[in-house]
Amino acid sequence: MWYEGQSRATWWERGVIYQVYPRSFQDSDSDGVGDLAGIESRLDYLAELGIDAIWLSPIYPSPMADFGYDVADYCGIDSMFGDLAGFDRLLAAVHARGLKLLLDFVPNHSSDQHPWFIESRVSRDNPKRDWYIWREPAPDGGPPNNWISDFGGSSWEWDDTTSQYYLHAFLKSQPDLNWRNPNLRDAMMAVLRFWLDRGVDGFRIDVLWHIIKDADLPDNPINAAWTPGLTQRDRLIQLHSTDQPEAHAIAAEFRDLADSYGDRVLIGEICLPDDRLARWYGTMDRPQVHLPVNFHLVESAWNAASLKRMIADYEASLPSWGWPNWVHGSHDARRIAARVGEAQARVAAMLLLTLRGTPTLFQGDEIGIGEVTIPPDRVRDPQDLRQPGLGIGRDRSRTPIPWDASAYAGFSSVDPWLPLNDDWRVRNVATQLRDSSSLLSLYRSLLALRRSHHALSIGDFTLIDSAHDVLAYVRRHSGECLLIAMNLSDQTQPLSLSQSLTQSLPKDSRRVEVLSSTLLPSTVVPSTLLHRPLDEPLAPNEGLVLRLKEIH
Ligand code: NOJ
C-alpha cells in the first residue's frame with residue numbers, strides 16, 4: 001500500500017508505529033480491561049489514522065504484577081485478552097488492512113509463576129536452576145552485592161527453600177533469566193520462532209540493555225549525583241548490571257533470526273546515552289537491532305536550543321547504516337501533552353512526524369490526553385506503590401482510551417480498571433474526529449502528508465540556524481525540499497533563516513506553499529493552496545511545513 005515508485009526504504013523505515021497498551025485500548029467482554037477482540041474492533045480507526053504498524057504491549061499469560069511485563073508463558077495469550085485463535089484473527093485482520101503487527105518480547109525476566117522459575121526454585125540441582133541467577137549470600141548473610149532494583153529495594157530476594165538469593169532487576173516476582181545458560185537461550189530463541197512462524201512482523205524487546213550481567217556480579221559504583229528526589233535505583237550507576245559486551249552478541253543472534261524470516265523488525269528498548277545507544281545497531285557485517293529506541297524527546301527540556309542540540313548530537317552519533325527513530329510518549333513516560341501543554345502538544349505532533357526516522361506514537365497522545373487524576377485508592381502501578389511521592393507513577397499514561405461521550409467513554413460497559421481522563425466527555429476520539437481543528441485531525445493530516453511526501457519519511461535532514469525559540473530543519477528528497485519551522489514559545493518569533501538557505505531559493509519563491517500548520521484546521525491545509533512570505537514571523541506555538549523551490 002505504499003508510495004508509487006517505491007524507494008529502497010523498508011516499511012519500518014518509511015512507516016509510523018503506533019503503540020497499543022492492550023489493557024486500555026478497548027474492552028469487548030465487559031470486565032473493564034481491554035482485550036484482543038476490542039483491538040480488532042478498532043482497527044479501522046488505526047488504518048484511517050494513517051499509521052503503518054501496531055506494537056502491542058504484552059498479551060501473554062501473566063499474574064499482572066507488572067501488568068504483563070511479568071510473563072508466565074511466552075507462547076500463550078492471557079485469558080483476560082483472549083486466546084491464540086483470537087490472536088490469529090487479530091493478526092489476519094491487521095494484515096488485511098495492510099498494517100504490520102509487532103509483539104513485546106520480554107527476555108530479561110519472567111514471572112515467578114513461569115513454570116521455568118517454579119522448577120528452578122525447587123532445588124539447587126534442578127535442571128532449570130541455572131536458567132535464573134542464584135547466588136550464595138554475602139559473608140554477612142546479606143544480598144550477594146549492592147544492586148538496587150529499578151522498582152526500589154535490593155535486586156536480590158532470599159529464597160528459604162534452597163537458602164540462596166535470586167536476582168530481579170524489577171519486582172521480586174520478576175526473576176531475571178540467565179542468558180549465560182545455553183538451554184535458556186535456545187528456549188527463548190524458540191519463543192521468537194513461535195511468533196515469527198505465526199506471522200508477526202517483529203518485536204519490541206523489553207529492557208534489552210539489561211539482558212546479561214557481568215559474570216562476577218561486582219558491586220555497582222555509587223552515583224555521587226544522587227539526591228533524595230531521585231529514585232532508589234539512581235543511587236548507583238548500573239555499570240555491571242546493564243549494557244555488557246555479551247549483550248551485543250545476543251542482539252546479533254536475534255537479528256540473524258529475524259532476518260532469516262525476511263522483512264521483520266527488531267526494536268530494542270535501550271536507555272543509554274548516544275554513543276552507547278549507537279552500538280546497538282551493530283556493524284554492517286553483524287547488525288544488531290534495527291531500531292535501538294531513542295528516548296531523547298521524552299527526556300529533553302522543551303525549548304528550541306535543547307532540542308536542536310539533542311537532535312544534532314543524536315544524528316551525529318548514528319552509524320551510516322543506522323536508521324533513526326523517535327518517540328515522545330509511552331506507557332512508562334509522562335504524557336507529552338501533560339509535559340508541554342496543549343498548544344505545544346500540536347508542535348510536538350509536527351516534530352515527531354517530520355524528524356528523520358521512524359516515529360512511534362503512543363495511544364491517546366493523538367487526542368492530547370494530558371495530566372489525569374489517579375485517586376490514591378486507585379493507584380495500580382507497582383513502581384508508584386513502592387516509591388510513592390516521587391511523581392513517577394505510570395498509571396496516568398495508561399488510562400483507557402475515551403472513544404466517545406457515552407457511558408465509560410465507549411471503552412467498556414463497566415467501570416474501567418483505571419479511571420478515564422478527567423475531561424473524557426469533551427476529549428474523546430469521536431469529538432475530535434468531527435472537529436477539523438482538533439489535535440487528532442492534525443495528526444491525521446500530518447500522517448497523510450508524511451505518506452505523500454517522501455521528503456518527510458525518507459528524505460535527507462539538515463538542521464538550519466534559526467533565531468530565538470525556533471526549531472527549523474529542511475527535509476529533501478528527489479528534488480523536493482520542505483522546510484519545517486516550529487515556534488517553541490507562546491510569543492511571536494521571527495523566522496530568521498540563515499542566508500545560505502534563503503540565497504539558494506529563486507526570488508519568486510520567497511512566497512512559499514504551506515503544506516501543514518499547527519494553527520490551521522485540517523480542512524484548510526493542505527487541501528487549499530495556501531502561500532505565505534518566507535520571512536513572515538511565526539505566531540505563538542506555530543509550526544509549519546513549507547514547500548520550498550530550490551535553484552539547481
Ligand atoms: C520496561 C517496560 O516498558 C516497563 O513497563 C516494565 O515495567 C519494565 N520494562 C519491566 O519489564
| remark: In whole angstrom, largest first, the equivalent ellipsoid semi-axes that the Cα gyration tensor gives for region 408-456 are 30, 12, 8
| request: Excluding Ile458 itself, calculate the net charge of residues whose Cβ lies under 12 Å from the Cβ of Ile458, where each Lys or Arg counts +1 and each Asp or Glu counts -1. | output: +4
| With all protein chains present and a 1.4 Å probe, how do Thr227, Thr431 order by accessible area, largest first? | Thr227, Thr431
| query | How much length, in nm to one decimal, is gained on full extension between Arg286 and Ser79, taken as 0.36 nm per residue of separation minus their Cα-Cα distance? | reply | 70.6 nm
| field | Distant-in-sequence amide H partners of Gly543 (H built 1.01 Å from N, under 5 Å) | value | Asn487, Thr518, Leu519
| query | If the chain between Arg135 and Ser163 were fully stretched, how many nm would it gain, using 0.36 nm times the residue separation less the Cα-Cα distance? | reply | 9.2 nm
| remark: Heavy-atom accessible area with a 1.4 angstrom probe orders Arg89, Arg198, most exposed first, as Arg89, Arg198
| request: Give me the net charge of Pro115's neighbourhood, meaning all other residues with Cβ under 13 Å from the Cβ of Pro115; Lys, Arg count +1, Asp, Glu -1. | output: -1
| query | When the helices in the chain are scored as -39500 (n - 2.57) per DSSP H run of 4 or longer and the sum is shared across all residues, what 222 nm value do you end up with, to the nearest 500 deg cm²/dmol? | reply | -7000 deg cm²/dmol
| field | the chain - share of DSSP beta bridges that are antiparallel (%, nearest 5) | value | 60 percent
| In percent, what relative contact order does the chain have, based on Cα pairs under 8 Å that are 6 or more apart in sequence? | 12 percent
| said: Starting from 0.36 nm per residue, how many nanometres of slack lie between Ser413 and Ala448 once their C-alpha separation is accounted for? | reply: 9.3 nm
| note | Quick shape summary for region 232-319, equivalent ellipsoid via Cα gyration tensor, semi-axes whole Å in descending order, reads 25, 18, 11
| said: Per residue of region 233-244, what does 6.51 cos²θ - 1.76 cosθ + 1.60 with θ = phi - 60° give for ³J(HN,Hα)? Whole Hz please, x for Gly and Pro, Karplus curve as stated. | reply: 3, 6, 5, 10, 9, 7, 5, 9, 9, 9, 6, 7
| Relative contact order of region 1-160, defined on C-alpha pairs under 8 angstrom at six or more residues apart (%) | 16 percent
| said: Using the basic label-point model (7 angstrom from Cα toward the beta carbon), what is the Asp88 to Ala343 distance in nanometres? | reply: 5.4 nm
| With Cα atoms, 0 to 90° folded angle of helix 342-354 axis to the chain main axis | 90 degrees
| Convex hull volume per residue for region 166-266, taking Cα atoms only, in Å³ | 134 Å³
| request: Send over the semi-axes of region 1-73's equivalent ellipsoid, whole angstrom and largest first, taken as the square roots of 5 times the C-alpha gyration tensor eigenvalues. | output: 30, 16, 7
| field | Within the chain: Cβ-based charge dipole about Cα centre, in debye rounded to nearest 20 (Lys, Arg +1; Asp, Glu -1) | value | 1460 debye
| Using a Cα distance threshold of under 25 Å, what count of lysine pairs results for the chain when pairs must be 8 or more residues apart or interchain? | 5
| What's the Kirkwood radius of region 433-527 in Å, using all Cα pairs? | 14.6 Å
| said: Residues of region 91-114 with backbone nitrogen within less than 18 Å of a virtual label 7 Å along the Cα-to-Cβ line of Phe194, please, listed as ranges. | reply: 91, 102-114
| request: Would you mind checking the tilt of helix 84-96 against the longest principal axis of the Cα atoms of the chain, expressed as 0 to 90 degrees and rounded to 10? | output: 20 degrees
| remark: Taking Rh as the Kirkwood radius computed over alpha-carbon pairs of region 183-339 and applying Stokes-Einstein at 37 °C with viscosity 0.692 mPa s, one gets a diffusion coefficient in µm² s⁻¹ of 189 µm²/s
| What does the convex hull of the alpha-carbon atoms of the chain project to on average, in nm²? | 25.8 nm²
| request: Can you send over the solvent-accessible area of Trp11, 1.4 Å probe, protein chains only, in Å² to the nearest 10? | output: 20 Å²
| Under Karplus coefficients 6.51, -1.76 and 1.60, residue-wise ³J(HN,Hα) of region 304-313 in Hz, glycine/proline x | 4, 5, 5, 5, 4, 4, 4, 5, 4, 5
| query | So what does Arg451 come to for accessible area, using a 1.4 Å probe and Å² rounded to 10? | reply | 60 Å²
| request: Find out how many positive minus negative residues lie around Ala190, taking Lys and Arg as positive, Asp and Glu as negative, among other residues whose Cβ is under 14 Å from that of Ala190. | output: -1
| message | Quick check: at a probe of 1.4 Å, how many percent of the accessible area of region 42-124 sits on carbon and sulfur atoms? | response | 53 percent
| request: Tabulate in residue order the Karplus-calculated ³J(HN,Hα) for region 247-264, using 6.51 cos²θ - 1.76 cosθ + 1.60 with θ = phi - 60°, rounded to whole Hz; enter x for Gly and Pro. | output: 5, 5, 5, 5, 4, 5, 5, 4, 5, 3, 5, 4, 5, 5, 9, x, 7, 10
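The values are calculated or read from the model by the stated rules, or taken from the named source; none is laboratory data. Because the structure is predicted, anything quoted here is derived from the model rather than measured. Counting neighbours? That spans all protein chains shown, and the Cβs are built from the backbone with ideal geometry, glycine included. The accessibility values were calculated without ligands, DNA or RNA, using every heavy atom of the protein model including side chains. Shrake-Rupley method; radii C 1.70, N 1.55, O 1.52, S 1.80 Å.
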